[in-house]
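The values are calculated or read from the model by the stated rules, or taken from the named source; none is laboratory data. Remember, it's a predicted structure, so these values are computed and weren't measured experimentally. Heads up, the Cβs are rebuilt from the backbone with ideal geometry, glycines too, and the neighbour counts pull from every protein chain shown. In case anyone asks, the SASA skips ligands and DNA or RNA and just uses the protein heavy atoms, side chains included. Shrake-Rupley method; radii C 1.70, N 1.55, O 1.52, S 1.80 Å.
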Amino acid sequence: GVQTCALPICPSPWRLLGLSAINYPVVKAVMMALGALGASLLFTVVYSAVVDLFGSDLLSPPDISSEIAFPGAAILITLQAVAVVTPLAEEVFFRAFVFSGLIPRLGVLKAMVLSAAIFSAFHLTLGVLIPVFVTGLLLAFLYHKTGSLWPCVLAHAGQNALAVALEVYGV
């Protein structure tokens, strides 16, 4: 037989993953995503400069090997993995699942902080712990404000694509 939904409003599977249409002014959501990306990058640059100033190798962000990317035209596979698949998967998990799941128990602000801490710890490198934490806060705020993961995916993809481009091409 046909399976029915016991919920008063049956959300689509995409909506459950946070991948619903943006019910927020799209231009404003894109501008907010670019703002989150810019703030994250600015914080990372300032953080790196402060760490370098104090000579703390322990807290220095690690270098990304230029070997991360496939050579030649196959760079498109690397970019697809790093700038599409990874941001999409991480945003579904950390924002739609972890952050959203924590809100009923902790409230929005504490859920933002804890989900950002989990996101940061997931990256397993002490040198990026603080910058990734700040990025996690920005992305949780963006998701909370827009109600959609798409602006988060855009900001996250931009950050990852820029990181690969800087390391591979020295741009």
Take the alpha carbon gyration tensor of segment 83-148, find the square roots of its eigenvalues, order them as a ≥ b ≥ c, and report rounded if a/c is under 1.5; if not, report prolate when a/b exceeds b/c, else oblate.
-> oblate
Measure off 7 Å from each Cα along the Cα-to-Cβ vector at Leu129 and Val26, then give the distance between these two points in nanometres to one decimal.
-> 4.2
Can you send over the solvent-accessible area of His156, 1.4 Å probe, protein chains only, in Å² to the nearest 10?
-> 20
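Ranked highest first by the average count of other Cβ atoms within 10 Å around their residues, in what order do 113-123, 45-55, 24-34 fall? It would help to have the intermediate numbers written out before the result.
Working: 113-123: 18.1, 45-55: 12.1, 24-34: 15.3.
Highest mean packing first, the order is 113-123, 24-34, 45-55.
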Could you do me a favour and compute the accessible area per residue for segment 96-136, 1.4 Å probe, result in Å²?
-> 52
